[in-house]
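All remarks here apply to the structure that follows.
Please treat every number below as a calculation from the coordinates, not as lab data. Fair warning: this is a prediction, and the values are worked out from it, not measured in the lab. Methodologically, a virtual Cβ is constructed for each residue, glycine included, from the backbone with ideal geometry; neighbour enumeration extends over all protein chains shown.
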Amino acid sequence: MSQPFDLSQFPDLPPEVAKAFAAIQFELSVERAARQHEQAVVAEKDAFITELKALIEKLEGQVQDYRRTKFGPKSEKLDPTQLELALEDLETAIAETQAQIAAVEDRIAASEQDTEKGEPRAPRKARALPEHLSRVERLLEPESIVCPCGCGDMVRIGEDRSERLDYIPASYQVIVTVRPRYACPKGRTGVVQAKAPAHLLEGSWPTEPLLAQIAVSKHSEFMPLNRQAVVMARHGVPIDRSVLADWMGRTGALIAPVVDHMAKRLMAESTRLYVDETTAPVLDPGKGKTKTGYLWAVLRDDRGWGGAAPPGVVFHYRPGRKGEYAAEILAGFNGTIQVDAYGGYSHLATPKRTGGDPLRLAFCWAHGRRKLIKAKPQKGSPIVDEALLRIAALYKVEDAIRGSDPDHRRTVRQELSRPLVDAFFAWLKAQAARVSRKSDLGEAMAYMLKRQDGFRLFLDDGRVDIDSNLVENAIRSPAMNRRNALFAGHDEGGRNWARFASLIGTCKMNNVEPYAYLRDLFISIANGHPAKDIDALMPWAYTQRLIPSK
């Protein structure tokens with residue numbers, strides 16, 4: 001019955017019949033209202049589902065982009081700094097879409113609660129905030145705790161607690177040092193006055209903590225000095241960028257002995273080092289443009305085979321990438337270096353090497369793998385796919401023995417990895433015969449075949465790793481600084497970059513907070529730390545504040 005029945009057309013109906021018809025009409029109206037409400041709910045849920053499906057499809061696409069960027073072949077072509085920025089934007093987009101999905105789910109839950117009178121969905125459990133952060137409690141009392149029944153004040157039976165992360169804006173202050181002078185009232189003795197406190201930069205404004213903050217912001221958080229000057233001005237401290245640069249330059253000169261000593265220790269105490277280089281554009285004042293300098297990284301990390309020596313990295317600035325610079329930096333070192341197959345290292349492995357015995361060159365399997373991926377045609381290549389599977393099998397063995405002692409690592413490699421490596425190069429040689437030597441794939445295969453000795457070296461020495469990824473990771477920080485600062489203003493500016501990058505990079509490798517270390521290092525240098533005890537200034541020796549900050 002689509003329309004209510006009009007009983008006025010039948011005035012002569014008996015009262016009991018009219019009453020029965022009225023009851024029927026009421027039941028029908030209730031049923032009609034319920035049906036309309038149900039249809040509205042279904043329509044609303046259909047709309048929710050459609051919106052949710054679109055958001056899920058959007059999220060799946062974003063996740064695929066994220067995986068492709070981070071793990072897929074395209075990531076092999078991205079500069080690490082570009083990769084980090086790309087992942088940052090993708091992660092932000094994913095978080096936004098997830099928030100939109102959560103909002104739709106909340107609306108669906110609210111709709112179901114209104115319809116079915118069910119229990120509301122439990123709120124998401126917040127992650128625990130670090131325990132070391134200070135807590136400021138804010139007590140929120142009800143407007144009144146007087147019991148409505150007239151029995152007096154209510155009794156506290158419990159409480160709800162929630163935590164949120166807050167931010168206190170940076171603040172600057174001026175430390176005024178007052179040194180009263182005292183003299184004998186009768187003029188019989190000289191004047192007495194407290195000794196002036198030592199300053200790292202005499203005659204300048206900054207305290208050692210401020211210098212540490214500027215250095216960490218530039219070389220660890222990649223904030224160029226011109227941007228720091230803008231931030232400082234926003235806080236009411238207008239200091240020109242050129243002044244900050246002067247402070248950093250003078251500070252860099254004062255930390256040079258510490259970095260030089262760290263470099264000597266790495267060279268003298270190690271039998272295996274990682275070496276890599278990255279560009280460091282430097283302004284060429286004579287030509288009004290930049291020239292390409294290089295930061296050469298020398299890294300020690302023996303944790304992979306359980307070595308006791310603390311890890312560290314030292315960056316050396318040089319104006320070029322010639323092999324003579326590698327020879328100069330590694331002069332006095334004897335042992336093995338883990339490198340890519342750049343030709344600038346090859347002469348170090350010959351009897352003609354000056355500055356030490358011939359070095360053993362352990363080549364990086366990750367570089368070889370990367371060249372194969374880069375050479376893979378767009379339509380795909382079964383050869384590349386098979387090569388990657390074979391290399392992956394080697395890495396599974398490495399994952400199982402990481403952290404073991406050298407003898408165990410060598411034994412396992414001889415038993416499991418050597419047959420895989422022998423089979424790989426035999427297979428690669430057979431495949432190379434089928435591919436043009438002038439093609440990208442042919443060149444990538446020849447790259448590994450011609451350097452078999454270096455690629456096999458890890459099999460016979462448990463202290464050697466399968467790749468040089470550790471040093472590649474270490475040069476990412478200078479690369480990020482290079483990206484944000486564009487270039488160093490001078491060769492000396494490049495050396496300044498290298499010194500700070502060395503100290504901060506070594507701090508990170510030893511789980512030392514860079515700001516705390518630099519602050520106390522600057523205070524120690526200002527107070528004339530004895531040169532004979534310079535080992536105590538190494539980042540890996542830092543376990544507590546050397547001198548209490550003021």
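The table for this structure:
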{"read-out": "Rounded FRET efficiency, nearest 0.05, which uses the C-beta distance separating residue 46 from residue 231 and R0 of 30 Å", "value": "0.05"}
{"read-out": "Vicinal HN-Hα couplings computed from phi for the range 224-237 (Karplus, 6.51 cos²θ - 1.76 cosθ + 1.60; Hz; Gly/Pro x)", "value": "x, 5, 5, 6, 5, 4, 5, 5, 5, 5, 5, 8, x, 10"}
{"read-out": "The range 138-285, relative contact order [Cα under 8 Å, separation at least 6], %", "value": "12"}
{"read-out": "Most to least packed among 320-326, 451-457, 130-136, 232-238 [average Cβ atoms within 10 Å]", "value": "451-457, 320-326, 232-238, 130-136"}
{"read-out": "Low-density loop positions, chymotrypsin sites (Phe, Trp or Tyr not before Pro), the range 144-212 - DSSP coil, at most 14 other Cβ in 10 Å", "value": "167, 172"}
{"read-out": "Taking the range 368-466 and dividing mean pair separation by its residue count, relative contact order in percent (alpha carbons under 8 Å, at least six apart)", "value": "36"}
{"read-out": "Ellipsoid equivalent to the range 368-466 - semi-axes via the Cα gyration tensor, in Å", "value": "27, 13, 11"}
{"read-out": "Additional length obtainable on full extension of the chain from residue 53 to residue 109, 0.36 nm per residue less Cα span", "value": "18.5 nm"}
{"read-out": "Linear extension gain, residue 303 paired with residue 35, 0.36 nm per residue minus alpha-carbon span", "value": "89.4 nm"}
{"read-out": "5 angstrom amide H check on residue 309, placed H, neighbours 5+ away", "value": "none"}
{"read-out": "Amide hydrogen neighbours beyond the local backbone of residue 280, cut-off 5 Å, H modeled", "value": "293, 294, 295"}
{"read-out": "Added length on full extension, which subtracts the Cα-Cα distance from 0.36 nm per residue, residue 192 to residue 449", "value": "84.7 nm"}
{"read-out": "Distance in nm between pseudo-label sites at residue 202 and residue 144 (7 Å out along the Cβ direction from Cα)", "value": "7.3"}
{"read-out": "Segments 154-162, 410-418 sorted - mean Cβ within 10 Å per residue, highest first", "value": "410-418, 154-162"}
